[in-house]
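Report on the structure given below.
The values are calculated or read from the model by the stated rules, or taken from the named source; none is laboratory data. Not measured: the values here are computed from a predicted model. Cβ sites come from the backbone with ideal geometry, for glycine too, and all protein chains shown count toward neighbours. All accessible areas refer to the heavy atoms of the entire protein, side chains included, with ligands and DNA or RNA removed. Shrake-Rupley method; radii C 1.70, N 1.55, O 1.52, S 1.80 Å.
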Amino acid sequence: MTKPDTHQTIRPRRNRKSSAIRTLCSETRLSCESLIYPVFVHESAQDEEINSMPGCKRWSPAGLLRELSEAHSLGIGAVVLFPAIDEQLKSRSATESYNEDGLIPKTIMAIKNEIPDLAVITDVALDPYNSDGHDGLVDENGRILNDETVEVLCKQAICHARSGADIVAPSDMMDGRVGAIREALDSDGSTETSILSYTAKYASSYYGPFRGALGSAPKSGDKKTYQMDPANAREALREAALDINEGADMIMVKPAGPYLDVLALVASHVDVPVAAYQVSGEYLMIESAAAAGWINREEVIRESLTGIHRAGANAVLTYYAKEVAGWLHVNKD
Ligand code: PBG
């Protein structure tokens, strides 16, 4: 029997005919367990609105513990800490970055004390502590010193691990830092501390609002001699191979949304978990368009995070983590 020309056997729309069936068929699901919550903390009794990132706060130590307890009870399993450091504590040698009585060590200990199951990730880079605002040490000619920086990063990582960090996340893009940090941690007895490497971190203008939050913008020059060129994708595989070879337990692509091709490429080539960071500029573009009434905020947030997961991220760092966990929680009840 010949089929009439109009007969359609295959109808993809059948898999979309109701919410129940769409959900059965969906390849990617948002879950709070895969969201990592980046937060800002400062040495002050007040929680402060961040002008460059409306809706985000620089938390006081006490405010941060309240916020993280709420996030954890909504199902968030991991947090990344970023410190806003007093200008007087910044220096050209960034020694505050490994002060064992500093803001980050104290914050890690307080979190581990109150919410021991929450995984604590720390950022390893010098920019919040460096009077130059760069991730590495800067010489008198404005050059970023690679190997000298790595030595300081090792001290910083040891300091975080001793304070109880579960994962240290080098975000500085110096060459060889993952291997050096692994060795430093191991010889200090921190063999259990994981390394989440910012492997493909691009020299991106999407970080602008974050630098406003920490007052950490470079005083001169830019970060293009260490962060990756936005034009490159294959180079991400080179960085990934190096980091994994040097002992990275997990790797990251950053930013996320404008680099989904890089994320998919990296995820298909490696055998370690891959995280992606929906950065401050991505957050702000959604916030500002939503505030203008131009987009549906919740739907766009969900779609942006689904897209990042679909491209291959096991975990996503997002300023929306707690809010999305709240939405997912409501849907469960
Ligand atoms: C610091 C660091 C930056 C971000 C995370 N860690 C800024 C930078 O590299 O300039 C950006 C995060 C964001 O924009 O949300 N090494």
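Odds and ends about this structure:
- Calculated mean residue ellipticity at 222 nm for the chain: -12000 deg cm²/dmol, from DSSP H runs with n ≥ 4 weighted as -39500 (n - 2.57), summed, divided by the residue count and rounded to 500.
- Listed peptides 23-29, 291-297, 184-190 appear in the order 184-190, 291-297, 23-29 once ranked by packing, highest mean of other Cβ atoms within 10 Å at the front.
- FRET efficiency for Met109 and His7, using Cβ-Cβ distance with R0 set to 51 Å, rounded to 0.05: 0.15
- For the chain, the solvent-accessible area with a 1.4 angstrom probe is 47 square angstrom per residue.
- Set of aspartates and glutamates near Lys112 by C-alpha distance (under 19 Å), chain-local residues within fewer than 8 positions excluded: Glu33, Glu43, Glu67, Glu70, Glu100, Asp101, Asp123, Asp166, Glu192
- Degrees between helix 321-332 axis and first principal axis of the chain (Cα, 0 to 90, nearest 10): 40
- Rounded tilt (10° steps) of 260-269 against the dominant C-alpha axis of the chain: 90
- Rounded is the label for segment 30-332, because the ratio a/c of its alpha-carbon gyration tensor axes (a ≥ b ≥ c) stays below 1.5.
- Theoretical gain in end-to-end length, Ala20 to Ser268 [0.36 nm per residue, Cα-Cα removed]: 86.3 nm
- Value of D in µm² per second that Stokes-Einstein yields for segment 119-274, Kirkwood Rh from Cα pairs, at 20 °C (1.002 mPa s): 136
- Accessible surface of segment 89-241 [probe 1.4 Å, protein heavy atoms]: carbon and sulfur percent: 45
- Helix 61-73 and the longest principal axis of the C-alpha atoms of the chain enclose an angle of approximately 30°.
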